[in-house]
2 protein chains.
Amino acid sequence: MIKANDPSLKSWVEVPENSDFPIQNLPFGIFKTDYMEAGAGVAIGEYILDLTYLHENGFLDGLGLPSGVFNHHYLNHFIGLGKEKTREVRNRISELLEAGNDELRDNKPAREIALVPMEEAEMLMPVKIPNYTDFYSSEEHATNVGTMFRDPENALLPNWKHIPVGYHGRASSIVVSGVDIHRPKGQTKAPDADKPSFGPCKRLDFELEMAFITCRENGLGNSIPTEKAEDYIFGFVLFNDWSARDIQVWEYVPLGPFLAKNFASSISPWIVTMDALEPFRTKGPEQKPEVLSYLEVKDEKNFDINLEVLLQPEGGEENKICKSNFKYMYWNVNQQLAHHTVNGCNIQVGDMYASGTISGPTPDSYGSMLELAWKGTKPVKLTDGSERKFIEDGDTVIMRGYAEKDGLRIGFGEVKSKVLPAK
Amino acid sequence: MIKANDPSLKSWVEVPENSDFPIQNLPFGIFKTDYMEAGAGVAIGEYILDLTYLHENGFLDGLGLPSGVFNHHYLNHFIGLGKEKTREVRNRISELLEAGNDELRDNKPAREIALVPMEEAEMLMPVKIPNYTDFYSSEEHATNVGTMFRDPENALLPNWKHIPVGYHGRASSIVVSGVDIHRPKGQTKAPDADKPSFGPCKRLDFELEMAFITCRENGLGNSIPTEKAEDYIFGFVLFNDWSARDIQVWEYVPLGPFLAKNFASSISPWIVTMDALEPFRTKGPEQKPEVLSYLEVKDEKNFDINLEVLLQPEGGEENKICKSNFKYMYWNVNQQLAHHTVNGCNIQVGDMYASGTISGPTPDSYGSMLELAWKGTKPVKLTDGSERKFIEDGDTVIMRGYAEKDGLRIGFGEVKSKVLPAK
């Protein structure tokens, strides 16, 4: 077991019950305050542990960390040290925060600087993203979409069970939780119109996804086998893949989604390490037909992570509209990364690889409005009496995620974004 | 007229007849030598003018350039200064190289350091590419592909004349001329096979493209109108969009090309500025039906640039297999950038936007082997007696481009890459 994962650990920092951030989590992020430049931190309870301060003041001595490695606007330098080193850092932070350790606990001046209340901090993008890929790995989602738009009898396309289908997305427009999104404008064509028209998107949607972030390069021309994939994955965030359905349907044949997606994607600010998720491994769905040998995996490669989507109308309350789970993924991250690099494609530190919409087997577990409201035929009722077929201006979409087992809860926090009218 | 474009200018640096790099061109690139770190340079005849040296030794004083702006592994810092500033720099370089100017010409020690013979230098990637998009903007290419794979009667898809169709590609695997390419491996499925198989690509192809590079940010949520697009475009390179046709056909429905493309793309090392191409503006094809107003352009937005592809078998001679022209593009770069940002998508400095395969109206102007050999039915004959349906191991593919008018030739040099067997 990784030392920092020990379920018996308690921290001297008070961690509220049901907190996403107990001492067994220790996710990494980038934060700033009114009085501090952006830098790296770790979440513990309702505080952020300032890693720049710890490093500069000797609390991380002996780990051989480069000077200034946390003092950046992005975590790329840090995670690029590799999993062995970043695991050592997480273990050391766990040690410092452990109830019986007095190094920081009893050093009041240091403790008061090193622990920043979350309410005083603004969370920023955790990594600079050199490349972003979106997969399409939930069988239920692909089946729902195929049923609605193509043929219910042949909802899955012939390649779907052989290939972890994916496509390249836009890295520049990925933003962090809290950044408002303007409704995009674009070109659409109604099925009965004889020509396209231009205007604000009428079918704005979210997609509930998770994304992994890579921490190591393979080098152009080299493949990553499934059994080595985890050496390249630092951790995970929640991912809202905003989608303009009416723009998408007109533009996407034959080269795939483009302006329907690249106006914005939103992520949660804390990267939960793959290490912290170890206790929540589970088997994925059975894969039939058998996959090609380069996609074979052994053991448990899925993760049991509860996911939910909430919709909050302007001035109203949160409505839980979806409950799903990351374990539903048909294709796991090892297979996704092995497939992505089997042709020699090179991955880079900070790359983001999203799962595709994570829909479960029941209608309340569908990960998009398109599916929840079944193409507008079953509007979603909200507690204020209104209905939604898609997302309206003023709506806030919130995604939360947490893994839970034997009293241990490892959470992701949230990705929360409000939709503003088109500019 | 931009000062540096004056056709009457002559340089004191000897420029061979038919050189791609007369004093009216002055393209920017990144080079290194055995005795020098990577840094920025400008091509003149058979020399590279070392901008780091010029800047450090006062030859660019008065331009207000940041210290060290050329002393980088990429041109992003420099081009990010904006077109007004980079135009001033090009004008000043022109002045320094002009026959009558003695500042550098008669300063032998400086001149001998500042002018590096091209044969002593290695050209590197000119920019770090945050985002890469590939368009699909040649009507002839889209028609050819549609005729071969879909319906000759309805070769163009319904959206094609309304949207400059594009998709996101992989930035990490774009490499510079001279870097060998390994044949990719991947998953394919023969039409008559009952399941897919894995192995080296059997239908490796090139695509003759050009790409523009952006030098300014619009900021997420802001659109760039067609009439402002040129403020955001620094210049152009030649672009070989390597394609694995057999992988592509199995993977690309419904989300577009992925592993068929992302194993490598190759570019020419010199960025020819949009300024240097001013004299070669020309009208594009008539656009019917009328485009939506956000895509309307005035004046001449296409460029008359001769393009050619040569195939050189292992140990053999160059065979010219394609003669095309950038002027054939149905959608121009102003329209591409306006479309890309109409939904608020943010562009960044160093982004690369490729044109899509540039095919002309005649069979010898088709910009890919797929089209030249018409899906393998009309193999291309080489001078050594061999034939090609696609690219074989050991083949070198060379793309060259130049604009020519009234005795003035502005060239791109070349992008040249050899295909090695699968690893």
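In the full protein assembly as shown, how much of A:E14 is accessible to a 1.4 Å probe, in Å² to the nearest 10?
150
Can you give the relative contact order of the stretch B:312-423 as a percent, counting alpha carbon pairs under 8 Å and 6+ residues apart?
Values: 128 pairs, mean separation 25.6, N = 112.
Dividing the mean separation by the residue count of the stretch B:312-423 yields 23 percent.
For chain B, which whole-number percentage of the solvent-accessible area (1.4 Å probe, protein heavy atoms only) is attributable to carbon and sulfur atoms?
That fraction is 47 percent.
Could you report the accessible area of A:T377 in Å², rounded to 10, computed with a 1.4 Å probe on the protein chains as they sit in the structure?
90
Taking only Cα atoms and a 10 Å spring cutoff, compute GNM fluctuations for chain B and point out the largest among B:L124, B:L96, B:L157.
Judging by the Gaussian network model, the answer is B:L157.
Could you put A:R409, B:R87, B:R183 in order of accessible surface area, largest first, with the 1.4 Å probe and the full protein assembly present?
On the way: A:R409 50, B:R87 80, B:R183 25 Å².
Largest accessible area first, the list is B:R87, A:R409, B:R183.
What is the log10 of I(q)/I(0) for the stretch B:3-124, computed with the Debye formula using one identical point scatterer on each Cα and no solvent, at q = 0.09, 0.13, 0.17, 0.20 Å⁻¹?
Taking Cα atoms of the stretch B:3-124 as identical point scatterers yields -0.21, -0.46, -0.82, -1.19.
Taking every residue in A:181-188, how many Cβ atoms of other protein chains lie within 10 Å of its Cβ, on average?
Mean number of neighbouring Cβ atoms from other chains: 5.
Could you sort A:H77, B:H55 by their accessible area in this structure, using a 1.4 Å probe and putting the largest first?
My answer, sorted largest first, is A:H77, B:H55.
Ordering B:E103, A:E414 by how much accessible area each has at a 1.4 Å probe, largest first, what is the list?
B:E103, A:E414
Which loop-located GluC sites (Glu not before Pro) does the stretch B:19-98 contain, where loop means any DSSP state but H, G, I, E or B and the Cβ has at most 16 other Cβ atoms within 10 Å? Can you show the working numbers first?
Details: sites: B:E37, B:E46, B:E56, B:E84, B:E88, B:E95, B:E98; in loops: B:E46.
Filter output for the stretch B:19-98: B:E46.
Please report the spacing between the Cα centers of the stretch B:353-388 and the stretch A:89-137 in Å, no decimals.
A separation of 56 Å, based on Cα centres.
Holding the Cα-Cα limit at 28 Å, pick out from B:K32/B:K83; A:K418/B:K85; A:K288/A:K320 the pairs that are longer than that.
From B:K32/B:K83; A:K418/B:K85; A:K288/A:K320, over 28 Å: A:K418/B:K85; A:K288/A:K320.
Residues of B:285-291, mean number of Cβ from any other protein chain within 10 Å of their own Cβ, rounded to a whole number?
1
Karplus couplings for the stretch A:71-82 from phi (6.51 cos²θ - 1.76 cosθ + 1.60, θ = phi - 60°), rounded to Hz, Gly and Pro as x?
For the stretch A:71-82, the Karplus-derived couplings read 8, 9, 7, 9, 7, 3, 4, 5, 5, x, 5, x Hz, x marking Gly and Pro.
Once Rh is set to the Kirkwood radius over Cα pairs, what Stokes-Einstein translational diffusion coefficient, in µm²/s, holds for the stretch B:254-333 at a temperature of 4 °C and a viscosity of 1.567 mPa s?
80
Contact order normalised by length for chain A, with contacts defined as Cα pairs under 8 Å and 6 or more residues apart; what percent is it?
20
Below 8 Å between Cα atoms, with a sequence gap of 6+, how large is the relative contact order for the stretch A:3-124 in percent?
Taking the mean separation of contacting Cα pairs over the length of the stretch A:3-124, I get 32 percent.
What's the local net charge at A:G360, with K and R +1, D and E -1, over the other residues with C-beta under 13 Å away?
It works out to a net charge of -4.
If you wrap a convex hull around the alpha carbons of the stretch A:300-423, what volume per residue comes out, as a whole number of Å³?
Values: hull volume 21.4 nm³, N = 124.
Once divided by residue count, the hull of the stretch A:300-423 is 172 Å³.
Working from the alpha-carbon coordinates of the protein assembly as shown, get Rg over Rh, Rh being the Kirkwood radius.
Dividing the radius of gyration by the Kirkwood radius yields 0.98.
Compute accessible area for the stretch A:336-364 by itself and then with all protein chains, 1.4 Å probe, and report residues whose area falls by 50 Å² or more.
A:V342, A:N343
Can you show me the helix-derived [θ] at 222 nm for chain B, built from DSSP H runs with n ≥ 4 at -39,500 (n - 2.57) apiece and divided by the number of residues, rounded to the nearest 500.
That calculation yields -4000 deg cm²/dmol at 222 nm.
Within the stretch B:187-295, which GluC sites (Glu not before Pro) sit in a loop by DSSP and count at most 11 neighbouring Cβ atoms inside 10 Å? It would help to have the intermediate numbers written out before the result.
On the way: sites: B:E207, B:E209, B:E217, B:E227, B:E230, B:E251, B:E286, B:E290; in loops: B:E217, B:E286, B:E290.
Sparse-neighbourhood loop GluC sites (Glu not before Pro): B:E286, B:E290.
At A:M36, with labels set 7 Å past Cα in the Cβ direction, how many nm apart are the copies from this one, shortest first?
4.5
Which of the trypsin sites (Lys or Arg not before Pro) across the stretch B:146-237 are loop residues per DSSP, with 15 or fewer other Cβ within 10 Å?
Those that pass, being in a loop and sparsely packed, are B:R150, B:K202.
Say the cut-off is 23 Å between C-alpha atoms; which of B:K202/B:K327; B:K202/B:K381; A:K261/B:K261; A:K185/B:K161 go over it? List each step's numbers first, then the result.
On the way: B:K202/B:K327 32 Å; B:K202/B:K381 19 Å; A:K261/B:K261 20 Å; A:K185/B:K161 19 Å.
Too far apart for the 23 Å limit: B:K202/B:K327.
Axis carrying A onto B: which residue of A has the nearest Cβ, and how far, whole Å?
A:G256, 1
Mind listing the label-point distances from A:E217 to the same position on all other copies, shortest first, one decimal in nm, points 7 Å along Cα→Cβ?
Between copies, matching label points for A:E217 lie 2.4 nm apart.
If you scale each eigenvalue of the Cα gyration tensor by 5 and take the root, what three semi-axes come out for chain A, rounded to whole angstrom and sorted largest first?
After diagonalising the Cα gyration tensor, the semi-axes are 36, 25, 20 Å.
Sort shortest first the distances from B:S8 to its counterpart in every other copy, using label points 7 Å along the Cα-to-beta-carbon line, and give them in nm.
Output for B:S8: 9.1 nm, nearest copy listed first.
The values are calculated or read from the model by the stated rules, or taken from the named source; none is laboratory data. Just so it is clear, the structure is predicted and the values come from calculations on it, not from any experiment. So basically every Cβ, Gly included, is an ideal-geometry build from the backbone, and we count neighbours across all protein chains shown. Protein only, heavy atoms only, side chains kept; ligands, DNA and RNA dropped before computing areas. Shrake-Rupley method; radii C 1.70, N 1.55, O 1.52, S 1.80 Å.
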